[in-house]
1. For segment 103-123, name all the residues that are more than 7 Å from the ligand (Cβ to nearest atom), closer than 22 Å to residue 43 by Cα and outside any strand (DSSP E or B).
2. Can you tell me which of (1) assigned to a loop (DSSP other than H, G, I, E, B); (2) surrounded by fewer than 19 Cβ atoms within 10 Å (Cβ to Cβ); (3) within 16 Å of the ligand (Cβ to nearest atom) is the one residue 155 doesn't meet?
3. Picking from 105, 161, which residue would you name as being closer than 18 Å to residue 62 by Cβ and outside the structural domain of residue 246 (by TED's automatic domain parsing)?
4. Suppose we filter segment 124-147 for residues that are near the ligand (Cβ under 6 Å from one of its atoms) and exposed (fewer than 12 other Cβ atoms within 10 Å of the Cβ); how many remain?
5. Which strands (runs of 3 or more DSSP E) does segment 245-327 wholly contain that include 1 or more residues that are within 16 Å of the ligand (Cβ to nearest atom) and in contact (Cβ under 8 Å) with a residue 40 or more places away in the chain?
6. So for segment 163-175 (the condition being in a helix (DSSP H, G or I) and within 15 Å of the ligand (Cβ to nearest atom)), does at least one residue qualify?
7. Could you tell me whether any residue of segment 86-102 is loosely packed, with under 14 Cβ neighbours inside 10 Å and within 9 Å of the ligand (Cβ to nearest atom)?
8. Could you list all residues from segment 66-85 that are touching a helix residue (DSSP H, G or I) at 6+ places or on another chain (Cβ under 9 Å), within 9 Å of the ligand (Cβ to nearest atom) and not in a loop (DSSP other than H, G, I, E, B)?
Ligand SMILES: Cc1cc2nc3c(=O)[nH]c(=O)nc-3n(C[C@H](O)[C@H](O)[C@H](O)COP(=O)(O)OP(=O)(O)OC[C@H]3O[C@@H](n4cnc5c(N)ncnc54)[C@H](O)[C@@H]3O)c2cc1C
């Protein structure tokens, strides 16, 4: 890593945490709960906005943090459902500009059941519905919801006065787009700066793109905002196979190479667990990993072309310039 690497590290704000606990959650109320997918799709994703005014969370949630939701009822052991976390999808001052309404991007977990652990019935292919995501997607304006948090102190934008010292590369898969909606609004609309902001969004099909209209509009209005879509399960117009986010960035290193090589740049990755591995490999192969991560012994000296994904998961340590939130 370069000698003055620390000089390029972001100064993060002191994020408030745990203002509402699982034992003492606050009651918010649903403001809106609308689909935010581009088209008719096999998946269901909603933009869920929650009024938290008058609670300790009002004005205290930062984009990049998450909040917890407690679904009513009990699990199969008769215990109250555990808290589930959801990324904040609005700017620091909320949807309303006053910190009273926070939002997230809720995807219904819906599938056929398959074995998760030893002893599960392999013949059971009945409908599986995730508890909290379906509870949230069913909610209507005015409904109460039990909220905890905020959570998270690392996956954050730099504090406002130092944001202009950086450029930003956001890489999202699926609902990993949630924080980048809020971050893009923060950097382009609420407290606009001229830094370059690149957003790479991954989805299986074009119809699964989330907030696509918003990002298309932002890209048209702000020359410093660049929006790229990686569609993995559709053949591309030129006949080539679909691509994941790391394929897109790998293919477009003519563009991303100089951005990533610039010590101003901060890299944020959010979405499916494991999505960072392909990207780290591509960055190392193109020699633009310096400043974003260091290698543990298991990978040191190994040609990046030979890195196995499981090795990357264990052998890469992110620096403060690389923020990863995967689940
Ligand atoms: C920091 C963080 C931020 C997050 N942000 C978001 C966000 O912005 N938006 C969002 O939608 N989610 C987000 N999540 C995920 C979210 O917390 C929940 O995990 C998700 O909504 C599923 O919860 P659920 O209660 O609906 O599903 P659950 O009832 O918890 O079911 C999911 C669990 O069931 C099991 N399972 C899954 N599929 C099957 C199957 N087919 N058959 C049998 N068992 C199965 C798995 O063990 C899985 O963990 C985030 C998670 C973290 C940690």
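The values are calculated or read from the model by the stated rules, or taken from the named source; none is laboratory data. Since this is a predicted model, take the numbers as computed values, not measurements. Here Cβ is always computed from backbone atoms with ideal geometry, including for glycine, and neighbour counts include all displayed protein chains.
1. Listed by number, the residues that qualify are 108, 115.
2. Only one criterion is unmet by residue 155, namely (2).
3. Checking each option against the conditions leaves just 105.
4. 0
5. Working: elements: 265-271, 293-295, 316-318, 322-326.
Hits in segment 245-327: 265-271, 322-326.
6. First, pick out the residues of segment 163-175 that are in a helix (DSSP H, G or I): 163-165, 174-175.
Checking which are within 15 Å of the ligand (Cβ to nearest atom) leaves us with 174-175.
Among the residues of segment 163-175, at least one is in a helix (DSSP H, G or I) and within 15 Å of the ligand (Cβ to nearest atom), which makes the answer yes.
7. no
8. 66, 69, 84
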